[in-house]
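J.: Below is the structure I would like to discuss, written out as structure tokens.
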Amino acid sequence: MFIPIRSRKPNRNTMTTAPPAGMDAEPRKRQFAGHRPCTNRSAHHVDRGFALSSLAPFALVLVLALAGTSDASYETQGPSFVTEPPSRVEFTNANGGRVDCTVRGNPLPTVDWLAADGGSITNILGIRHVLGNGTIHFPAFEAEAFRQDVHWAIYKCSAVNSVGAVVSRDVTVRAVVNQRYDPEVQNPSGFPGNNVLMRCIVPSFVRDHVTVTSWLQEPVFNIYPSTMGDGKYHMLPTGELMIINITRSDAQMTYRCRTHHRLTQDTVVSSNVGRLQLTEIRGSMPPIINEKLVYMSARLKDTVVIPCVAYANPTPTNRWYYNRNQREEPIEESSGHYVVRDGSLIIQSVAENDAGSYMCTASNSEGSETLEIRLTVSAPLSVHVQPTIQTVDLGKSAYLTCTASGFPQAALYWLKDGQPLRTGARVRTVSSERISVTSVAREDRGMYQCFVRNEYEMAQGIAELRLGEIAPQLVYRFIEQTMQPGPSVSLKCSAAGNPTPQISWLLDGFPLPQNDRLLIGQYVTVYGDVISHVNITTVKPEDGGEYECIASSRAGEARHSARLNIYGLPYVRPMSPVSAVAGKQLYIKCPVAGYPIESIVWEKGDVKLPTNMRQRVANGTLFIDTVQRSADEGTYTCTARNKHNFTSHRSVEVRVLVPPKITPFSFARDLNVGDRTSVQCVVVTGDLPLTFTWLKDNVPIETVRTTLPSSQDAPSGSRGRSPAGPGIRDTMINGGPKLRGPATMTASGPGHDEASSSSSQRKSITIGIHDAFTSALSISTIAPAHNGTYTCRVTNGAATVAHSALLHVNVPPRISPFFFGDGVMEGQRTQLMCTTSQGDQPFNITWLMDEKPIQVRPSDGGTSVSSVQTVAAAAAAAAATVETSNGIQISDYPPFSSILTINSVSASHSGNYTCQISNVAGLAEHSTSLSVAGWCPEKN
């Protein structure tokens, strides 16, 4: 668990491999215990930065970088395998081999290879090469160069970065010395009418790599593996040849076996031939089975053929049983899963529950004999740990669950950062598949792995436990020291936090000076604490001053400062120009070295400070409150004096920057769809140049077209952001041509519907840069999508300021179409629903008949127009129903709908009915006709 930090000379690209002089003895020992020279890193591969001996949990690494690097705020990611090496790698000495291990993570992990005992492996010239890209290469070698510890060994790939460490499954490497071999065919014996098995014997030194692929019945008849056989010959998947119901003619045939070496790809045919040894027998004989117990293995979904060959006269009959719970149950063939053919048991698509003990009983009139076959079934192992990434605050609890598939599963165990998981009061195994970490501490973060293994293979899953963000805390601080010139000194700061803080150093508020005697070194412990040293050799008086270490990350920062006093004459170091912001406080510390110092005086223009209430001098630091450009810009001088009246002085230029100030702007409140509007962002004060950025709902407005006042085109696709400079307005818009005079950009804001160019034009936003301090945003045709908050953000060298304004678009109503049904007859009931699908509340809904408002009959007997103003508050109220003098009911359902009902239609109800809905933005109406039999509407 290591992070590359840095060791440096200030402001120089100078590197050192030496540990900081002030590093504690124990960290230094741990740091270099596992260090070795790094190989070059390819652009596409990882390098092996060091050998990780047994992944020692306290190992540290020191890596070099430059000064002034800012807080590393990138997202870290623990190591994981892109290509995990396989469980078994085999090759011949003639060809050689390789094992690849590809990893990922941030920072990029280092890859190391470990032996079975956990020790790091090294290069052996001509025998084993450990490459920088995560590959082990085994060159071809002569037989006499075979080394069992290299060519017949177990390896692991480890990957390490600052987050943690992971290790791969065991990789069994087998290098096979290429030797000629000759398979031999046996000559089995049997009785006429029996089945016999002919075997092809492969020498033991190549048996693991050679497969019997076919049989040849001379001269030209080939027999290949099959599930069922052809009734006479059946080559089993395991390579044996079963000859069924043998006769005297079979004894005249000769057989050879054909084999394939999967490492050399050689095909070898047996040099000898096999023959049946037919035994004539006249009397009866009970069955004889040469083997009483046979072990077989199969992979899930394979087809298994289990032969049962007995010698007997008369020919025996085979019966198959499955030994379940100490009871032998006859095997049923009805399902098709089990098939008995020519005395052999065939299991189609073997399943997990097919594993167990099978009994074959061969019997005839003279007796019986039993063969037991113990079948094991396996499936590839796969492991997943959930959650794969978990972020937990300190003191909270975390849980990890291991889900494994495949079988058998002989063992399950956990690792943390490549080491066996240490359980205790906080870290417990709830079950073998689940662990809990209560009261999470800093040392709990890292990489967790769950391993599952059996006799065939192993698999693993990875999860990362992250800590929630923690502001940096300084856990070790250097103290003030006073010393004579000559010896060396080391100032140390140590910080903790999450993410891992970065430590920077200042001297009297300024960057550390360039000095060959001064080095900064940093490294990170396994728990993510960063330790930084400033090491000064042969100190001189000018090295004195107030040193400050700053631990910072995206979660915050922490500071500590203390003086280093070196006896000597006063010495004021050079000061770089200082920028102050108008209206803010400025303080400058006089960078004085030498000791003791009697007094420090600040002057401006030969006038001793302070000269007003805004200025004060304390402990050699000049403070100026509420900085003003006219009064405070200029050259300042600090003079240090000792009691013997020796002095030193330096000057510093102070430039006062004025931040932008935006004149408040707002949109009109009565803007409707289709209106135009514009606002100006005017900066009344502030240093030039200014950079304007417009945002809608905190999202920068993306430009889709740039329009120029002249005929020349501007680039499209630029962002609505333009700098404005002093003098002539030559405005560069994202790398395009300079525009003299105002530039405008047509843009689309978030939520815009750009289904067509005409729609985009109606909703276009134009951003114009009118001069060095003014930008305008205009909308030529307001649409509902333009609703939102618009922000003008202005930046200069002093600050970034912003002002926002809300644009509310008044949207008129839109009525969903309605109509009467066809063929409305007198006496029937009919109704219309008038609903607005858009628009701002409140709405006013009015019904008209033949362009005249429908008169309703209120409860007091008078008449009024059927107009009801709906408000949002009325939405929860029940519908209000009124009735007209001619039997028309109007029911209002606030805030969006009204229903007109005629309970009994008559000829007097024929006519044109209109619904009008209005709001502050406008009015919408929709009409339909009601035709009752015998009446036609009048034509205007």
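J.: Of all residues in the stretch 367-404, how many are open to solvent by less than 60 Å² (accessible area, probe 1.4 Å) and either out of contact with any Phe, Trp or Tyr (no Cβ under 8 Å at 6 or more places or on another chain) or not hydroxyl-bearing (Ser, Thr, Tyr) (or both)?
T.: 23
For (1) part of a strand (DSSP E or B); (2) crowded, with 18+ Cβ neighbours inside 10 Å; (3) touching a Pro at 6+ places or on another chain (Cβ under 9 Å), each residue gets a yes or a no:
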{"residue": "Lys156", "(1), (2), (3)": "yes, yes, yes"}
{"residue": "Ser162", "(1), (2), (3)": "no, yes, yes"}
{"residue": "Ala175", "(1), (2), (3)": "yes, yes, no"}
{"residue": "Gln179", "(1), (2), (3)": "no, no, yes"}
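J.: If I filter the stretch 661-681 down to residues being β-branched (Val, Ile, Thr) and assigned to a loop (DSSP other than H, G, I, E, B), which single residue comes out as modelled with the highest pLDDT? Step through it out loud before you land on a result.
T.: So in the stretch 661-681, the residues β-branched (Val, Ile, Thr) come out as 662-663, 673, 677, 679.
With assigned to a loop (DSSP other than H, G, I, E, B) added as a condition, the list becomes 663, 673.
Working: Thr663: 95, Val673: 86.
This residue is Thr663.
J.: So which of Val489, Val437 ends up being over 30 Å from Thr172 (Cα atoms), touching a residue at least 60 places away in the same chain (Cβ under 8 Å) and either buried (at least 17 other Cβ atoms within 10 Å of the Cβ) or assigned by the TED database to the domain that holds Lys396 (or both)?
T.: The conditions single out Val489.
J.: Which one of these does Ile520 not meet: (1) over 30 Å from Asp417 (Cα atoms); (2) β-branched (Val, Ile, Thr); (3) assigned to a strand (DSSP E or B)?
T.: Answer for Ile520: the failing condition is (1).
J.: Can you tell me which residue among Gly749, Gly736, Gly788 is within 13 Å of Leu695 (Cα to Cα), at pLDDT below 50 and not aliphatic (A, V, I, L, M)?
T.: Matching residue, one of Gly749, Gly736, Gly788: Gly749.
J.: When you check Leu512 against the structure, is it open to solvent by less than 30 Å² (accessible area, probe 1.4 Å), modelled with pLDDT of 95 or more, touching a Phe, Trp or Tyr at 6+ places or on another chain (Cβ under 9 Å) and of a type in the set (A, V, I, L, M, F, W, C), yes or no?
T.: No: the conditions fail for Leu512.
One line per residue, one yes/no per condition, for (1) at pLDDT 85 or above; (2) open to solvent by 30 Å² or more (accessible area, probe 1.4 Å); (3) within 21 Å of Val920 (Cβ to Cβ):
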residue	(1), (2), (3)
Pro812	yes, yes, yes
Phe818	yes, no, no
Asp822	no, yes, no
Met825	yes, yes, no
Thr830	yes, no, no
Thr836	yes, no, yes
Pro842	yes, yes, yes
Met849	yes, yes, no
Val856	no, no, no
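J.: Does Val309 meet the test of being part of a loop (DSSP other than H, G, I, E, B), modelled with pLDDT of 90 or more and closer than 18 Å to Ala362 by Cα?
T.: Taking the combined requirement at face value, the residue satisfies it.
J.: Same structure, new question: Could you list, in sequence order, all residues of the stretch 482-500 that are in contact with a strand residue (DSSP E or B) (Cβ under 9 Å, 6 or more places away or on another chain) and part of a loop (DSSP other than H, G, I, E, B)?
T.: Gln484, Pro485, Ser488, Pro499, Thr500, listed by residue number.
J.: Residues in the stretch 608-626: is at least one open to solvent by 20 Å² or more (accessible area, probe 1.4 Å), touching a residue at least 40 places away in the same chain (Cβ under 8 Å) and touching a Gly at 6+ places or on another chain (Cβ under 8 Å)?
T.: Step one: list which residues in the stretch 608-626 are open to solvent by 20 Å² or more (accessible area, probe 1.4 Å), which gives 608, 610-614, 616-619, 623, 625-626.
After this cut, where a residue has to be touching a residue at least 40 places away in the same chain (Cβ under 8 Å) as well, the list is 625-626.
With touching a Gly at 6+ places or on another chain (Cβ under 8 Å) added as a condition, the list becomes 626.
Looking for residues that are open to solvent by 20 Å² or more (accessible area, probe 1.4 Å), touching a residue at least 40 places away in the same chain (Cβ under 8 Å) and touching a Gly at 6+ places or on another chain (Cβ under 8 Å), one finds at least one in the stretch 608-626, hence yes.
J.: Against the conditions (1) more than 27 Å from Gly634 (Cα to Cα); (2) in contact with a Gly (Cβ under 7 Å, 6 or more places away or on another chain); (3) open to solvent by 30 Å² or more (accessible area, probe 1.4 Å), where does Tyr567 fall short? Just the number, please.
T.: Tyr567 satisfies all of (1) more than 27 Å from Gly634 (Cα to Cα); (2) in contact with a Gly (Cβ under 7 Å, 6 or more places away or on another chain); (3) open to solvent by 30 Å² or more (accessible area, probe 1.4 Å) except (2).
J.: Could you identify the single residue in Glu548, Glu542, Glu557 that is open to solvent by 10 Å² or more (accessible area, probe 1.4 Å), assigned by the TED database to the domain that holds Pro485, modelled with pLDDT of 95 or more and charged (D, E, K, R)? If you could, list the steps in order and put the result at the bottom.
T.: Numbers: Glu542 fails: modelled with pLDDT of 95 or more; Glu557 fails: modelled with pLDDT of 95 or more.
Step by step, each of Glu548, Glu542, Glu557 is checked, and only Glu548 is open to solvent by 10 Å² or more (accessible area, probe 1.4 Å), assigned by the TED database to the domain that holds Pro485, modelled with pLDDT of 95 or more and charged (D, E, K, R).
J.: Working carefully through the options Tyr358, Tyr321, find the one that is open to solvent by 50 Å² or more (accessible area, probe 1.4 Å), within 29 Å of Pro188 (Cα to Cα) and in a strand (DSSP E or B). Before the answer, list the steps.
T.: Working: Tyr358 fails: open to solvent by 50 Å² or more (accessible area, probe 1.4 Å).
Step by step, each of Tyr358, Tyr321 is checked, and only Tyr321 is open to solvent by 50 Å² or more (accessible area, probe 1.4 Å), within 29 Å of Pro188 (Cα to Cα) and in a strand (DSSP E or B).
J.: Kindly indicate the residue of the stretch 143-154 that is over 26 Å from Thr102 (Cα atoms) and charged (D, E, K, R) and also least open to solvent (accessible area, probe 1.4 Å) among those meeting that condition.
T.: Taking the candidates together, the pick is Arg147.
J.: For the stretch 667-696, how many residues are among the charged types (D, E, K, R) and either open to solvent by 70 Å² or more (accessible area, probe 1.4 Å) or outside the structural domain of Val801 (by the TED database) (or both)?
T.: Number satisfying all stated conditions: 3.
J.: Starting from residues that are free of Cβ contacts under 8 Å to residues at least 40 places away in the same chain and not aliphatic (A, V, I, L, M), keep the ones in the stretch 181-207 and report whichever is least open to solvent (accessible area, probe 1.4 Å).
T.: Pro203
J.: Please go through the stretch 440-461 and give me each residue that is under 30 Å from Cys549 (Cα atoms) and either surrounded by fewer than 20 Cβ atoms within 10 Å (Cβ to Cβ) or among the basic types (Lys, Arg) (or both), ordered by number.
T.: Listed by number, the residues that qualify are Ala441, Arg442, Glu443, Asp444, Arg445.
J.: Separate question: Can you run down the residue pairs with Cβ atoms below 9 Å, 6 or more apart or on separate chains, where the first is in the stretch 462-474 and over 11 Å from Arg445 (Cα atoms) and open to solvent by 20 Å² or more (accessible area, probe 1.4 Å) and the partner is at pLDDT 90 or above and among the aromatic types (Phe, Trp, Tyr)?
T.: Ile462/Phe81; Ile462/Tyr448
J.: Of everything in the stretch 887-926 that's in a strand (DSSP E or B) and loosely packed, with under 15 Cβ neighbours inside 10 Å, which residue is modelled with the lowest pLDDT? Before you say what the answer is, go through the steps one by one.
T.: So in the stretch 887-926, the residues in a strand (DSSP E or B) come out as 888-893, 897-902, 911-919, 922-926.
So of that shortlist, the ones also loosely packed, with under 15 Cβ neighbours inside 10 Å come out as 923, 925.
Numbers: Leu923: 90, Glu925: 93.
Here the residue is Leu923.
J.: Restricting attention to the stretch 263-285, does a residue exist that is over 21 Å from Lys232 (Cα atoms), over 55 Å from the mean Cα position of the chain (by Cα) and crowded, with 18+ Cβ neighbours inside 10 Å? Show your work before the answer.
T.: As a first pass, look at the stretch 263-285 and keep what is over 21 Å from Lys232 (Cα atoms): 263-272, 281-285.
From what is left, the residues that are over 55 Å from the mean Cα position of the chain (by Cα) are 270-272, 281-285.
Narrowing further to those that are crowded, with 18+ Cβ neighbours inside 10 Å: 270.
The answer is yes; a qualifying residue exists.
J.: Just need a number here: residues in the stretch 100-117 that are more than 27 Å from the chain's Cα centre (by Cα) and either modelled with pLDDT of 95 or more or open to solvent by less than 20 Å² (accessible area, probe 1.4 Å) (or both).
T.: So the answer is 1.
J.: Kindly evaluate Arg128 against the criterion of being buried (at least 16 other Cβ atoms within 10 Å of the Cβ) and touching a His at 6+ places or on another chain (Cβ under 9 Å).
T.: Yes: the conditions hold for Arg128.
J.: Can I ask one more? State the number of residues belonging to the stretch 752-782 that are at pLDDT 85 or above and part of a loop (DSSP other than H, G, I, E, B).
T.: The qualifying residues number 5.
J.: Of everything in the stretch 327-354, what is of a type in the set (S, T, N, Q) and open to solvent by 30 Å² or more (accessible area, probe 1.4 Å)? Give them in sequence order.
T.: Passing the criteria: Ser334, Ser335, Gln348, Ser349, Asn353.
J.: Mind listing whichever residues of the stretch 100-117 are in a loop (DSSP other than H, G, I, E, B) and closer than 30 Å to Ala143 by Cβ?
T.: Result: Cys101, Ala116, Asp117.
J.: So which residues in the stretch 634-649 are surrounded by 17 or more Cβ atoms within 10 Å (Cβ to Cβ) and either under 20 Å from Gln585 (Cα atoms) or within 52 Å of the chain's Cα centre (by Cα) (or both), if there are any at all?
T.: Residues satisfying the conditions are Tyr636, Thr637, Cys638.
The values are calculated or read from the model by the stated rules, or taken from the named source; none is laboratory data. In this text the structure is predicted, and so the values were computed from the model without any measurement. Every residue, glycine as well, gets a Cβ built from its backbone with ideal geometry; the counts of neighbours run over all protein chains shown. We work out accessible area using only protein heavy atoms, side chains counted, and drop any ligands, DNA or RNA first. Shrake-Rupley method; radii C 1.70, N 1.55, O 1.52, S 1.80 Å.
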